[in-house]
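Trainee: Please see the structure below; I have some questions.
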Amino acid sequence: MTSSRFDVAVVGAGPGGLAAAEAAVGAGARVALVDGAGQPGGQYWRHPAGDLDAVADLHHGLKTFRAQVRAVDAATTFFGHQVWTIEKVAAGFVVRAVVAGTEVEIAATSLVLAPGAYDRQLPFPGWDLPGVYTAGGAQALLKGNQVLAGRRVVVGGTGPFLLPVASGLAARGAKVAGVFEANSPLGWVRRLPAVLPVAGKLTEGAGYTAALARHRVPYRSRHAIVAAHGTDRVTAVTVARLDRDWRIVAGSQQRVECDAVAVGWGFTPQLELPLAVGCATRVDVDGSVVVQVDEAQRSSVPGVYVAGEACGVGGAALATVEGAVAGRAAAAVATGRAAGAGAVPRRLVGQRNRLRAFASAMHRTHPVRDGWRDWLTDETLVCRCEEVSAGRLREATDELGATDARSAKLLSRAGMGWCQGRVCGYATSCLVAAWSGRPFEPGAAAERPVAVPIPLGLLSQHPGT
Amino acid sequence: MTESSFTFDDRRVGFTAGQTVGAALIGAGIRSWRTTRVEGRPRGVFCGIGVCFDCLITIDGVPNQRACLIAAQPGMAVRTQEGGGRDQLAV
Ligand SMILES: Cc1cc2nc3c(=O)[nH]c(=O)nc-3n(C[C@H](O)[C@H](O)[C@H](O)COP(=O)(O)OP(=O)(O)OC[C@H]3O[C@@H](n4cnc5c(N)ncnc54)[C@H](O)[C@@H]3O)c2cc1C
Ligand code: FES
């Protein structure tokens, strides 16, 4: 089924995509807004279907969200539409989405892609036990469903995102047994010049800190959850103090009882769709592969603009500014109005620069350091889908001679299961690089022929894919 | 607050409007509903947003559905899934 033709198709209705759709509508374009979820909001403004009020206390910036939702009333919305690929055609682009097993084609002159990111993970013994969640997953249960991940939860990993997760859980009545931040947030202090211009962000951080203090949640820097225990579900974790390289300080291990764990090590941008249309990428400060964009959020492919986490993980405020820039620019080219560099409002450029400086400072303060590899045992699963252990992956590099992530994948099957390496891709690349003595290849796992699972019958209609 | 329910294997699980199947199960204290193909290990929700495929479940006879994405509906027949389900999707 083909819908009518649009000037701009925006994929993703999180902070980035919503801002883009609002701006494009404001510039007089006919806009299609497409998202796999049943409603707007993305990860940041996730809420139960039709009931934002129920979780308003867990949210920031709802005024912006509500205004954007009103503004995109003028767009044609395609919620519940999972985009599996995008094709470049003579007149622009065709966005191919699946709804209940059938395909919908949305044709547009220009595109804004704002597909967001997902939690970056590192394997550790027991991380496959039920009750261990990604930090974002615990947040999605809470914000989207009003369900607590557990009664007694341990939060760990690295990055400021651990704070809203812990304070949300505590606010809704979970006992948060501790927040274990592997890095030292004192780094913020050293980078104050980058941080000060966006004091608003810091205030938000301070708000979370106060909430954690109020709920008596212990916060430990240079500590990590290094193992989870239990037979059929998690019942405890081992927490340890880390040295500078994240090796466990001998004798510092401590057992903490819990019924749920929330872990996150930053985010991995979702690049299937930008890669499907051929956007050039670069490696960001946090080691993530991201889409390369210019001043106007334009990618290397004419007519394709990218906003939000997909062009660099930096939080909802940055996604919103980038979306506003991308939406204007995409509307201008599609409707034939000039979109010279001067068309990007100076105010937005300034905001974007400040927020990007803030994001870079955050990434430098919260890197992933090499010592996590020592937390693994031979039995620790690296690839959850194909159940490939660290021992088997090591065999593929040591004995079978794999020297890059791709051949290690073929030899061990790591990354070849349902999730196509979304979960283990980063860790597999790190491990193979370390064991084979070759450079880390951050992009090795990013390319996938289809962005979402589709019925085989549908795929067979597209012989080119 | 429970408005409706579905069945999970032989028990009844309540949910509030807008919740996913996975969230409703977790809310009812159920942490796993699938076993893995190789080692038969239990799995439930991990990423919560449709990325990891750990939460696969059989709903109304259709296997390999992501419990974290599917909205709960009254009267659904939800079942534990064992091993590979049926490989009917391209990923
Ligand atoms: C699970 C999770 C929870 C998070 N919670 C918070 C939080 O509580 N607070 C916070 O400060 N930050 C949170 N973050 C960080 C957050 O992602 C960003 O700060 C912000 O949401 C980025 O906005 P965005 O527009 O780039 O992407 P997102 O908000 O991620 O929006 C992307 C949208 O694109 C859609 N999409 C992606 N691919 C497709 C496709 N193929 N077809 C159709 N639609 C598609 C998705 O459904 C989604 O709605 C969270 C991240 C994750 C992964
Ligand atoms: S929990 Fe990851 S896909 Fe459902």
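Trainee: Have a look at A:ALA262, A:ALA240, A:ALA317 and point out the one that is small (Gly, Ala, Ser) and at pLDDT below 95.
Mentor: Testing whether each residue is small (Gly, Ala, Ser) and at pLDDT below 95 leaves just A:ALA317.
Trainee: Looking at segment B:50-69, which of its residues are facing another protein chain (nearest Cβ under 7 Å) and either on the phi > 0 side of the Ramachandran plot or in a helix (DSSP H, G or I) (or both)?
Mentor: If the condition is that a residue be facing another protein chain (nearest Cβ under 7 Å) and either on the phi > 0 side of the Ramachandran plot or in a helix (DSSP H, G or I) (or both), then B:PHE53 is the only one that fits.
Trainee: Shifting gears a bit: Under 7 Å by Cβ, and 6 or more places apart or on different chains, what pairs join a residue from segment A:206-227 that is assigned to a loop (DSSP other than H, G, I, E, B) with one that is polar (S, T, N, Q)?
Mentor: Listed by first residue and then by second, the contacts come to A:ARG222/A:SER184.
Trainee: Another question, then. Where in segment A:112-193 are there helices (runs of 4 or more DSSP H), lying fully within it, with 3 or more residues that are within 16 Å of ligand 1 (Cβ to nearest atom) and more than 28 Å from A:GLY371 (Cα to Cα)?
Mentor: In segment A:112-193, A:135-145, A:162-171 are the helices (runs of 4 or more DSSP H) which contain 3 or more residues that are within 16 Å of ligand 1 (Cβ to nearest atom) and more than 28 Å from A:GLY371 (Cα to Cα).
Trainee: Out of everything in segment A:291-321 that is closer than 21 Å to A:GLU87 by Cα and within 11 Å of ligand 1 (Cβ to nearest atom), what residue ends up being nearest to the other protein chains (Cβ to nearest Cβ)?
Mentor: Out of the qualifying residues, it is A:ALA310.
Trainee: Still on this structure: In segment A:288-317, what residues are open to solvent by 20 Å² or more (accessible area, probe 1.4 Å) and either assigned to a loop (DSSP other than H, G, I, E, B) or touching a Pro at 6+ places or on another chain (Cβ under 9 Å) (or both)?
Mentor: Listed by number, the residues that qualify are A:VAL289, A:GLN292, A:VAL293, A:ASP294, A:GLU295, A:SER300, A:PRO302, A:GLU309, A:GLY315, A:ALA317.
Trainee: Residue under question is A:GLN68, and the condition is that it be touching a helix residue (DSSP H, G or I) at 6+ places or on another chain (Cβ under 6 Å), within 22 Å of A:LEU111 (Cβ to Cβ) and away from ligand 2 (no atom under 16 Å from the Cβ); does it hold?
Mentor: Considered against the rule, which asks whether it is touching a helix residue (DSSP H, G or I) at 6+ places or on another chain (Cβ under 6 Å), within 22 Å of A:LEU111 (Cβ to Cβ) and away from ligand 2 (no atom under 16 Å from the Cβ), A:GLN68 comes out as yes.
Trainee: From the list A:ALA332, A:ALA324, pick out the single residue that is in a helix (DSSP H, G or I), crowded, with 20+ Cβ neighbours inside 10 Å, of a type in the set (Gly, Ala, Ser) and within 15 Å of ligand 1 (Cβ to nearest atom).
Mentor: When all the criteria are applied, what remains is A:ALA324.
Trainee: Moving on to the next point. Go through segment B:8-29 residue by residue and tally those that are part of a strand (DSSP E or B) and more than 7 Å from chain A (Cβ to nearest Cβ).
Mentor: The number of residues fulfilling the criteria is 6.
Trainee: If you don't mind, another one. Every residue in segment B:38-76 that is among the basic types (Lys, Arg) and more than 6 Å from ligand 2 (Cβ to nearest atom), please.
Mentor: If the condition is that a residue be among the basic types (Lys, Arg) and more than 6 Å from ligand 2 (Cβ to nearest atom), then B:ARG41, B:ARG43 are the ones that fit.
Trainee: Further question: Identify all residues within segment A:50-79 that are under 22 Å from the mean Cα position of the chain (by Cα) and open to solvent by 60 Å² or more (accessible area, probe 1.4 Å); write none if there are none.
Mentor: Result: A:HIS60, A:THR64.
Trainee: Also, quick follow-up: Being within 11 Å of chain B (Cβ to nearest Cβ) and open to solvent by 10 Å² or more (accessible area, probe 1.4 Å) is the filter here, so list the residues in segment A:148-169 that pass it.
Mentor: A:LEU148, A:ARG151
Trainee: Could you please give the count of residues in segment B:30-49 that are more than 7 Å from chain A (Cβ to nearest Cβ), of a type outside the set (A, V, I, L, M) and open to solvent by 10 Å² or more (accessible area, probe 1.4 Å)?
Mentor: Result for segment B:30-49: 4.
Trainee: Are any of the residues in segment B:35-48 under 10 Å from the mean Cα position of the chain (by Cα) and not in a strand (DSSP E or B)?
Mentor: Scanning segment B:35-48, I find at least one residue that is under 10 Å from the mean Cα position of the chain (by Cα) and not in a strand (DSSP E or B), so the answer is yes.
Trainee: Which residues, counting only those in segment A:272-286, are more than 10 Å from ligand 1 (Cβ to nearest atom) and on the phi < 0 side of the Ramachandran plot?
Mentor: A:PRO274, A:LEU275, A:VAL277, A:CYS279, A:ALA280, A:THR281, A:ARG282, A:VAL283, A:ASP284, A:VAL285, A:ASP286
Trainee: Any residue in segment A:267-279 that is within 18 Å of A:VAL423 (Cα to Cα) and within 13 Å of another protein chain (Cβ to nearest Cβ) sitting within a Cβ distance under 6 Å of a residue that is within 8 Å of ligand 1 (Cβ to nearest atom) and β-branched (Val, Ile, Thr)? List the pairs, counting only those 6 or more apart or interchain.
Mentor: Note: pairs meeting the criteria are A:PHE267/A:VAL313.
Trainee: On the given criteria, is B:SER5 in a strand (DSSP E or B) and more than 16 Å from ligand 1 (Cβ to nearest atom)?
Mentor: Yes.
Trainee: Identify the residue in segment A:110-125 that is under 19 Å from A:CYS419 (Cα atoms) and of a type outside the set (Phe, Trp, Tyr) and, among all such residues, is farthest from the other protein chains (Cβ to nearest Cβ).
Mentor: Once the filter is applied, the top-ranked residue is A:LEU122.
Trainee: Can you list the helices (runs of 4 or more DSSP H) lying wholly within segment A:343-426 that have 2 or more residues being over 28 Å from A:THR320 (Cβ atoms)?
Mentor: Per the criteria, A:390-398, A:405-412.
Trainee: Separate question: Being within 29 Å of A:GLY12 (Cα to Cα), assigned to a loop (DSSP other than H, G, I, E, B) and at pLDDT below 95 is the filter here; which residues of segment B:71-91 pass it?
Mentor: B:ASP87, B:GLN88, B:VAL91
Trainee: Yes or no: segment B:43-55 includes at least one residue that is in contact (Cβ under 8 Å) with a residue 24 or more places away in the chain and away from ligand 1 (no atom under 16 Å from the Cβ).
Mentor: no
Trainee: Okay, moving on. Which numbered condition trips up A:GLY36, out of (1) more than 16 Å from ligand 2 (Cβ to nearest atom); (2) within 14 Å of chain B (Cβ to nearest Cβ); (3) open to solvent by less than 40 Å² (accessible area, probe 1.4 Å)?
Mentor: The single condition A:GLY36 does not satisfy is (1).
Trainee: Among the numbered conditions (1) within 24 Å of A:ASP232 (Cβ to Cβ); (2) more than 16 Å from ligand 2 (Cβ to nearest atom); (3) open to solvent by 10 Å² or more (accessible area, probe 1.4 Å), tell me where B:ALA17 comes up short.
Mentor: (1)
Trainee: Check whether at least one residue in segment A:280-290 is charged (D, E, K, R) and in contact with a Lys or Arg (Cβ under 9 Å, 6 or more places away or on another chain), and report yes or no.
Mentor: Taking every residue of segment A:280-290 in turn, at least one turns out to be charged (D, E, K, R) and in contact with a Lys or Arg (Cβ under 9 Å, 6 or more places away or on another chain).
Trainee: I've got another one for you. Is there a residue in segment A:439-446 that is buried (at least 24 other Cβ atoms within 10 Å of the Cβ), touching a Gly at 6+ places or on another chain (Cβ under 6 Å) and within 17 Å of A:VAL289 (Cα to Cα)?
Mentor: Yes, segment A:439-446 has at least one match.
The values are calculated or read from the model by the stated rules, or taken from the named source; none is laboratory data. Note that the coordinates shown come from a computational prediction; the quantities given were computed from them, not determined experimentally. Glycine also receives a Cβ, built like all others from the backbone with ideal geometry; neighbour counts cover every protein chain displayed. Protein only, heavy atoms only, side chains kept; ligands, DNA and RNA dropped before computing areas. Shrake-Rupley method; radii C 1.70, N 1.55, O 1.52, S 1.80 Å.
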